[in-house]
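Shown next, in structure tokens, is the structure this report addresses.
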Amino acid sequence: MSMPCSGGVPAAGRSPMIRFQNTLTRSLEPFTPLDPNGKTVKLYTCGPTVYNHAHIGNFRAYLFEDLLQRHLEYRGFVVDRVMNLTDVDDKTIRGAREKGVALADFTKPYKDAFFEDLHALRIKPAGRFPSATEPEHIARMIGMIEQLVAAGHAYQAEDKSVYFRIGSFPSYGQLAHLNLEELRPSGRISSDEYEKESLGDFALWKAHDADDGDVKWESPWGPGRPGWHIECSAMATGLLGDRLDIHCGGVDNIFPHHEAEIAQTECCTGQKFVNLWMHCAHLMVDGRKMAKSFGNFYTLRDLLDKGWTGREVRYVLLSAHYRLPLNFTFEGLAGARSALQRLDEWQQRLAELAATAQRSEPSPLVAEDKFAAALDDDLNISAALGALFDLVRDTNRAMDQGQISPEQARGLLDYWERINSVLRLEPEAAAVPAEVAALLDERNAARAAKDWAKSDTLRDELLKHGWVVKDTKEGTKLTRTGG
Ligand code: AMP
Ligand code: ZN
């Protein structure tokens, strides 16, 4: 089912047509939030480990989450989203030691760079970005571990570290669909990342050792630091509550990270932690996952330095379905550049036609909102972009034949603005040149004097300079016509 685009967004919570693939059940499920009012969606997304610049594979995950958030908002939901920053773990400690600097000094530039990259890629910032080392979160991690020890789900071993006893949680392995009969637990694992084959009790609290330098916190088990998995459980429940609607990450997070999060959290709260688990497939290079450890990665900065723009990278990473692996190539980036040019030219043509329209009128070419209907279907972005480019083709053809009125052109631009709140693919904002600013001032003065003829002449003059004026309730808005 799809919604007529002129009818606005449906009421939140009444969106039985939205379906997402749940990693936990391996099936497509209708989406309904926990909120009894059907309005707020609690979303937790695992953020970067700040030991280096994030690579564009990481950003594929964050862009999939951005698409998810923006589409839910398009459908009228309010998304309460948390993204953590992992600023203490095996990798950050190793990096700080190698550089001979304090942990916080080591991670700070990577945190700053991460926010710059989010901005360049037009990713909507989460409502909160907690860092694992903030005292309130460390206190909560210790509190959760105490609770797990008291209930027999965790124990302190001879090495002084505290481990989660996976045998105490019968559904351990449910997310990764592990067969515990075949995979015999093999002792304890203290590292933050490991393969399924080395299944075992995992570290909740790591006793301080010489390699940790001065990175340590006091705890009931002696000085040490939290394991990576408990960090996310504590920050998610601390900021969003015991139950979440959606938890996301890349597929490599499924095991052990998210499996461990479920075990720890549910043993503390006695409730189902997450209703919907969503994971994106990897960004690949020549058939291999893009990863720092393989050395086959590009950061956003690498690509900007080569002359590509944030919006082109956004387009490439967003335009493939999140559950399909995506191969990164420079041909793909060139394809993004021409697709964006096509969109820019279409908007420019519409803007020129709409310049004389006093109002907006729906176009019969968008009798239904195929774009949003495609995203309702497990974020089917390929179908959504397909519908958009069909619209571009059809309206270009209709404009060639003089079949689109200025009012309909304005209606089409309004529709584009709505779907662009999800896509965010508009041209880069350009600085307003002085002569254009002067023309705008003159036009505002003409409008104030109710000299409509002069105001219209000045609007046409601005259009000749490549700028579209739109009079809205909030005031006059000026936008570039093209790219
Ligand atoms: P990390 O900084 O390694 O903890 O990763 C941050 C996020 O990026 C996690 O959600 C990972 O699953 C995701 N990620 C890492 N590499 C890739 C990749 N090549 N493609 C897509 N997502 C990735
Ligand atoms: Zn996490």
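Values computed for the structure shown
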{"read-out": "Estimated 222 nm signal from helices in the chain, with DSSP H stretches of n ≥ 4 weighted -39500 (n - 2.57), rounded to 500", "value": "-13500 deg cm²/dmol"}
{"read-out": "Anisotropy class of the chain from Cα gyration tensor, a/c 1.5 cut", "value": "prolate"}
{"read-out": "Sequence-separation-based contact order of the range 434-480, relative, with Cα cut under 8 Å and 6+ spacing, percent", "value": "27"}
{"read-out": "Unit charges on C-beta of K, R, D, E only; dipole of the range 434-480, Debye", "value": "200"}
{"read-out": "Qualifying trypsin sites (Lys or Arg not before Pro) for the range 281-362 [loop in DSSP, other Cβ within 10 Å: at most 12]", "value": "306, 359"}
{"read-out": "Proximal lysines to residue 470, defined as alpha-carbon separation beneath 17 angstrom and excluding residues fewer than eight positions away on the same chain", "value": "450, 454"}
{"read-out": "Long-range HN-HN contacts of residue 41 with modeled amide H, under 5 Å", "value": "78, 79, 80"}
{"read-out": "Exceeding the 32 Å Cα-Cα cut-off - candidates 42/206; 108/306; 370/477; 292/370; 216/306", "value": "292/370; 216/306"}
{"read-out": "Virtual spin-label span in nm between residue 269 and residue 177, 7 Å along Cα→Cβ", "value": "2.5"}
{"read-out": "Residues 27, 161 arranged by fewest to most Cβ contacts within 10 Å", "value": "27, 161"}
{"read-out": "Label-to-label distance, nm, for residues given as residue 330 and residue 368 (7 Å Cα→Cβ offset)", "value": "4.3"}
{"read-out": "Farthest positive-ward along the range 66-184 dipole, Cα basis, beta-carbon charges - from 104, 175, 67", "value": "67"}
{"read-out": "Alpha-carbon centroid distance for the pair the range 105-126 / the range 303-372, whole angstrom", "value": "24"}
{"read-out": "Rounded FRET efficiency, nearest 0.05, which uses the C-beta distance separating residue 476 from residue 434 and R0 of 25 Å", "value": "0.90"}
{"read-out": "Stretch gain in nm, segment residue 452-residue 111, where the contour uses 0.36 nm per residue and the Cα spacing is subtracted", "value": "117.6 nm"}
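Read the figures in this text as sums done on the coordinates, not as results from a lab. Not measured: the values here are computed from a predicted model. Cβ: placed from backbone, ideal geometry, glycine included. Neighbour counts: every protein chain shown.
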